[in-house]
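Only the coordinates and a few stated rules stand behind these numbers; no lab work does. Note that the structure is predicted; figures quoted are calculated from it, not measured. Neighbour counts run over all protein chains shown; Cβ positions are idealised from the backbone, glycine included.
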Amino acid sequence: MPETQSRTFAELGLGAKVLAAVNSLGYESPSPVQEQAIPAVLAGRDVLAAAQTGTGKTAAFLLPVLNDLPHHGKAKGPLCLIVTPTRELANQIAEVCSAIAAGDGRRVTCVVGGVAQGPQEQRLAKGTDV
């Protein structure tokens with residue numbers, strides 16, 4: 001059977017700023033979950049994806065979301081709210097999101113329970129996009 005070649009991130013419809021983040025993160029080609037989810041999210045469709053750990057699910061939804069999310073500037077925000085069931089997942093998503101958003105100045109704030117509320121409130125008061 002002939003081998004099929006996967007598409008590139010650019011072929012999935014991502015814009016220049018997100019593609020620059022993809023390159024800086026060292027992503028070479030989209031994983032199967034990314035290849036299927038990114039165009040669907042960019043088209044405004046709801047997506048439910050199940051795949052093993054390490055297959056790129058976090059980037060599969062963050063890349064297209066950040067692709068179309070405007071920068072909030074000095075306003076308080078957030079423009080995007082991501083809710084997760086665990087602190088560990090919230091931290092993982094915030095880390096990947098921060099790496100993607102780093103190139104265009106968007107701010108990412110992770111707010112979790114079980115830790116001091118004051119510092120989190122201070123970060124939110126400075127404004128955040130995600």
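If we sort 61-70, 108-117 on the protection proxy, mean other Cβ atoms within 10 Å, highest first, what's the order?
Numbers: 61-70: 20.3, 108-117: 13.1.
Ranked by mean Cβ neighbours within 10 Å, highest first: 61-70, 108-117.
Where in the chain is the longest stretch that carries no GluC sites (Glu not before Pro) classed as loop by DSSP and with at most 12 other Cβ atoms within 10 Å?
Values: sites that count: Glu3, Glu28.
My reading of the result: 29-130 is the longest stretch.
Label the stretch 11-74 by shape, choosing from rounded, prolate and oblate, from the square roots a ≥ b ≥ c of the eigenvalues of the Cα gyration tensor; if a/c is under 1.5 it is rounded, and otherwise prolate applies when a/b is larger than b/c, oblate when it is not. Don't skip to the answer; put the middle values down first.
Values: a/c = 1.74, a/b = 1.28, b/c = 1.36.
Here the stretch 11-74 falls in the oblate category.
Could you give the longest part of the chain that holds none of the trypsin sites (Lys or Arg not before Pro) found in DSSP loops with at most 15 neighbouring Cβ atoms within 10 Å? Let's see the in-between values first.
On the way: sites that count: Arg7, Arg45, Lys74, Lys76, Lys126.
Between the exposed loop sites, the longest stretch runs 77-125.
Among Leu48, Leu12, Leu79, which one moves the most in a GNM of the chain with springs linking Cα atoms closer than 10 Å?
Taking springs between Cα atoms under 10 Å, the residue moving most is Leu48.
Quick check on the chain: helices-only [θ] at 222 nm, where DSSP H runs of length 4 and up contribute -39,500 (n - 2.57) each and the sum goes over total residues. Nearest 500, please. Write down the numbers at each step before the final one.
Numbers: 5 runs with 56 residues, N = 130.
Dividing the helical sum by the residues of the chain leaves -13000 deg cm²/dmol.
With unit charges on the beta carbon (Lys/Arg positive, Asp/Glu negative), name the residue among Ala102, Leu42, Pro119 whose Cα is farthest towards the positive pole of the charge dipole of the chain.
Of the options given, the answer is Pro119.
Given a cut-off of under 8 Å on Cα pairs at least six residues apart, what relative contact order in percent is computed for the chain? Can you show the working numbers first?
Working: 149 pairs, mean separation 32.2, N = 130.
About 25 percent, as a whole number.
Which of the three applies to the stretch 38-130, rounded, prolate or oblate, going by the alpha-carbon gyration tensor with a ≥ b ≥ c and a/c under 1.5 meaning rounded?
Note, shape of the stretch 38-130 comes out oblate.
Could you give the size of the charge dipole of the chain about its Cα centre, using +1 on the Cβ of each K and R and -1 on the Cβ of each D and E, expressed in debye and rounded to the nearest 20? Could you put the intermediate results ahead of the total?
Details: 11 positive and 11 negative charges, 110 e Å.
The calculation lands at about 520 debye.
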